[in-house]
Amino acid sequence: MCGIIGIVGATPVQDRLIESLKRLEYRGYDSAGIAAVVGGKVERRRAEGKIRALEAVLAAAPLGGSVGIGHTRWATHGAPSLRNAHPHTQGRVTLVHNGIIENYAELRERLQATGRAFESETDTEVIAALLDSELATGLAPIAALKATLDQLSGAYALGVLVEGEDGLIMGARRGSPLVVGYGDGEMFLGSDALAVGPFTNRVCYLEEGDFVAITHTGAKIFDQAGQPVERPVRTVPASAALVEKGNYRHFMEKEIHDQPEGCQRTIAAYVDTLSAITAIPGGVDFANLGRIQIVACGTSYIAGLLGKYLIEQLADLPVDVEIASEFRYRQPALQADALVIAMSQSGETADTLAALRYCQAKGMRSAAVVNAVESTMAREVDVVWPIHCGPEIGVASTKAFTAQICVLTALAVAAARARGRIDEAEEQRLVRVLLEAPRLVAESIELKEAVQRVAVEVSKARDVLYLGRGPMYPLSLEGALKLKEISYIHAEGYAAGELKHGPIALVDENTPIVILAPFDSYFEKSASNMNEVMARGGQVIFITDPEGQKHAPAGARVVVTAPRCDPLIAPLVYSPPMQLLAYHVAVLKGADVDQPRNLAKSVTVE
Ligand code: G6P
């Protein structure tokens, strides 16, 4: 989604705006632009495509000025063209926006009727026009901003320059995140702490409806009603401000390799390692819960599906998992004694947030499993369950997925104990198994050479099928999603038992079929599916463990042997081969691994 940066600086801002925009690239975008106050006038530079295109524009025509705003745009209203790139200017106002203004068509018509002409197809330009006309009535900038915001419906984070107000940037947030950064004689606005990270680690997270004026000397924050308010300024951990690729070629590759450490951190937050019992923060009474409702999108939804397998099997506690964009609109039947869990790496996904709020409005208790602990979801729930895996930059989620599974596994064990389904000795056994996961995940990452060989085959395919049973079924969905996302090869994940009900028609000698089959209670059935596929000329890539390899039907084209593990942690151990396969296929195909086309890291519009 779009990213915003604003700097009221003491020195020229062009290069610093670009540095921040690069940090916002992970959110996904298709054009970029900056604007700055130069000699009392606001000047813009914009470019379609990547930031390097904007850098080329700046090399030809540098932008002076020490007060400026910048934006990466992920197109919603209007094509990803130069004309639609932010910042947008109307009269004295130049601004950048993340979000969607729902009543923009009506506002645009009204403004056109007063003689306003529009240069772009965006909803953003309408905000600039509205603010400019409020200023023309003689209102001071902050009063004009308030009058403008009162007329908008929808979601926004804004960064605004006003011609004639040289040392001022205004901002506002409703539905989309915005932080204020405090420097030394300089002030910043950004979509997140990462954006302002190179300049300061002292930030303030604006609340819903807040708007702000920043100058060289500080920030004046107002709440939705226009009352001045104080918001806490916190020092963010270095990890939020320092995100580097290290020795890896891509963030995704680094993040796959971060997983053993990430899982370790996550597990340590949910178990007492000494006594080997679970220690779940937040005081949820699992014994008296009637049901869990998980809402999520994308990879987080698939993690939620795994949660259902884990929690229902271990704790005998019913779990519903639903794609948030469906859930929020279909008037689902809810149970008052249920707990809603929003699963979200970013904590900002618009549909997940709406589904969460829907449940809260019906009186349900709420929890959020999030990576971004300062996110809107984290701030709005009764219980926050952080995943502690550090900032995830690659658009395709990897380490957040395994960290989410760690949290869900710990919750499942804790719920099983609280509900009397397991005794203390079994709880300790399961916790010790979970504590083995980081080491086994590291071993599983070492399969990369075997996976690289498979990737050569898969990179030539047009379609790929992923099959699995039990918890390997959600994982087959994740494997297929990863491949689609970054290599643009069509892939489908299926419950292996469904093979005969449709997907088998796709099997031919050109379709690789990845079968996920640890040597567990489902193994024989998965092996039968493998035979059915091979009998029809299908090329099987069998991912199993040493015992499974011994019992595998002869004839699998490729066998990848994962480390042997307890079924409890198989979803964690079998994740890296899926991720690495997608990664290496994408690299072989020369695709943009960290910023796949059309995708955004954090989808803050519905
Ligand atoms: C986008 C990302 C996915 C992510 C999904 C949900 O589609 O590209 O990687 O799984 O959003 O995001 P969330 O932040 O809610 O987990």
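Rounded to the nearest 10 square angstrom, ARG202 shows an accessible area of 100 square angstrom against a 1.4 Å probe.
Descending by average beta-carbon neighbour count within 10 Å, the peptides 569-579, 161-171, 492-502 line up as 569-579, 161-171, 492-502, the highest first. In this structure the chain gives 37 Å² per residue of accessible area when probed at 1.4 Å with all protein chains present.
Going through the cross-link list LYS254/LYS362; LYS484/LYS525; LYS146/LYS254; LYS525/LYS601; LYS362/LYS500; LYS22/LYS362, which pairs have a Cα-Cα distance over 32 Å in this structure? Distance filter (> 32 Å) returns LYS254/LYS362; LYS146/LYS254; LYS525/LYS601; LYS362/LYS500; LYS22/LYS362. Here the sum of -39500 (n - 2.57) over DSSP H runs of 4 or more residues, divided by the residues of the chain, equals -11000 deg cm²/dmol at 222 nm, to the nearest 500.
What shape does the chain have by the C-alpha gyration tensor, where a ≥ b ≥ c are the square roots of the eigenvalues, rounded means a/c under 1.5, and otherwise prolate means a/b greater than b/c and oblate the rest? Note, shape of the chain comes out prolate.
When both the range 445-463 and the range 486-500 are represented by their alpha-carbon centers, they are found 16 Å apart. For the chain, the share of accessible area belonging to carbon and sulfur comes to 49 percent (1.4 Å probe, ligands and nucleic acids excluded). Summing Cβ point charges (Lys, Arg +1; Asp, Glu -1) relative to the Cα centre of the range 391-536 gives a dipole of roughly 160 debye. Taking Cα centre as origin and charging only the Cβ of basic (Lys, Arg, +1) and acidic (Asp, Glu, -1) residues, the dipole magnitude of the range 373-426 rounds to 100 debye.
The Cα atoms of the range 273-378 define a convex hull whose projected area, averaged across directions, is 7.0 nm². Among ASP351, ASP508, the sequence by solvent-accessible area, most first, with a 1.4 Å probe is ASP508, ASP351. Taking the centroid of alpha carbons for each part, the range 547-574 and the range 337-363 are 36 Å apart.
For the range 556-591, the residues whose backbone nitrogen is under 20 Å from a point 7 Å from the Cα of ARG249, taken along Cα to Cβ, are 576-591.
Shape class for the range 467-528: oblate, because the ratio a/c of the largest to smallest gyration tensor axis (alpha-carbon atoms, square roots of eigenvalues) is 1.5 or more and b/c is at least a/b. In terms of accessible area, using a 1.4 Å probe and ignoring ligands and nucleic acids, PHE519, PHE327 rank largest first as PHE519, PHE327. For the chain, DSSP calls about 60 percent of its internal beta bridges antiparallel. In plain terms, the chain from SER153 to GLN549 could stretch by 136.7 nm, reckoned as 0.36 nm per residue minus the Cα-Cα distance. Note on surface exposure: SER81, SER526 rank SER81, SER526 by accessible area, highest first, 1.4 Å probe. Shown is the FRET efficiency for VAL229 and GLU498, computed with R0 = 56 Å from the Cβ-Cβ distance and rounded to the nearest 0.05: 0.55. In terms of packing, defined here as the mean over residues of other Cβ atoms within 10 angstrom, the peptides 458-470, 84-96 line up highest first as 84-96, 458-470.
Look at the Cα gyration tensor of the range 513-590: its axes a ≥ b ≥ c give a/c of at least 1.5 with a/b at or below b/c, and that counts as oblate. Applying 1/(1 + (r/R0)^6) with R0 = 35 Å to the Cβ-Cβ distance of LEU139 and LYS362 gives a FRET efficiency near 0.30.
Ranked by the mean number of other Cβ atoms within 10 Å of their residues, highest first, the peptides 300-310, 595-605 come out as 300-310, 595-605. Note on ILE504: accessible area approximately 40 square angstrom, rounded to 10, probe 1.4 Å, nucleic acids and ligands left out. Charges were assigned to the Cβ only: +1 to each Lys and Arg, -1 to each Asp and Glu. The resulting dipole of the range 1-116 about its Cα centre is roughly 160 debye. A straight line joining the Cα centroids of the range 1-38 and the range 265-309 runs 38 Å.
The 3J(HN,Hα) values that the Karplus relation (6.51, -1.76, 1.60; θ = phi - 60°) gives for the range 321-333 are, in residue order, 10, 9, 5, 4, 5, 7, 3, 5, 10, 9, 6, x, 7 Hz. Gly and Pro appear as x. Shape analysis of the range 74-124 yields a ratio of the Cα radius of gyration to the Kirkwood radius, Rg/Rh, of 0.93. Ranking TYR182, THR215, MET170 by Cα position along the charge dipole of the range 155-239, where only Lys, Arg, Asp and Glu carry charges on their C-beta atoms, puts TYR182 farthest toward the positive end. Measuring with a 1.4 angstrom probe and ignoring ligands and nucleic acids, ARG291 comes out at about 70 Å² accessible.
Which residues does the label zone of ASN598 cover in the range 77-105, counting backbone N under 17 Å from a point 7 Å along Cα→Cβ? 77-81, by backbone N distance to the label point.
Only one residue of SER575, SER602, PRO563 has its Cα farthest out toward the positive end of the dipole of the range 561-606, where Lys and Arg carry +1 and Asp and Glu -1 on Cβ, and that residue is PRO563.
The values are calculated or read from the model by the stated rules, or taken from the named source; none is laboratory data. Bear in mind that the values here come from a model prediction, so they are computed numbers and not experimental data. Note that each Cβ is placed from the backbone with ideal geometry, even for glycine, and that neighbours are counted across all protein chains shown. Note: accessible area is taken over every heavy atom of the protein model, side chains too, but ligands, DNA and RNA are not part of it. Shrake-Rupley method; radii C 1.70, N 1.55, O 1.52, S 1.80 Å.
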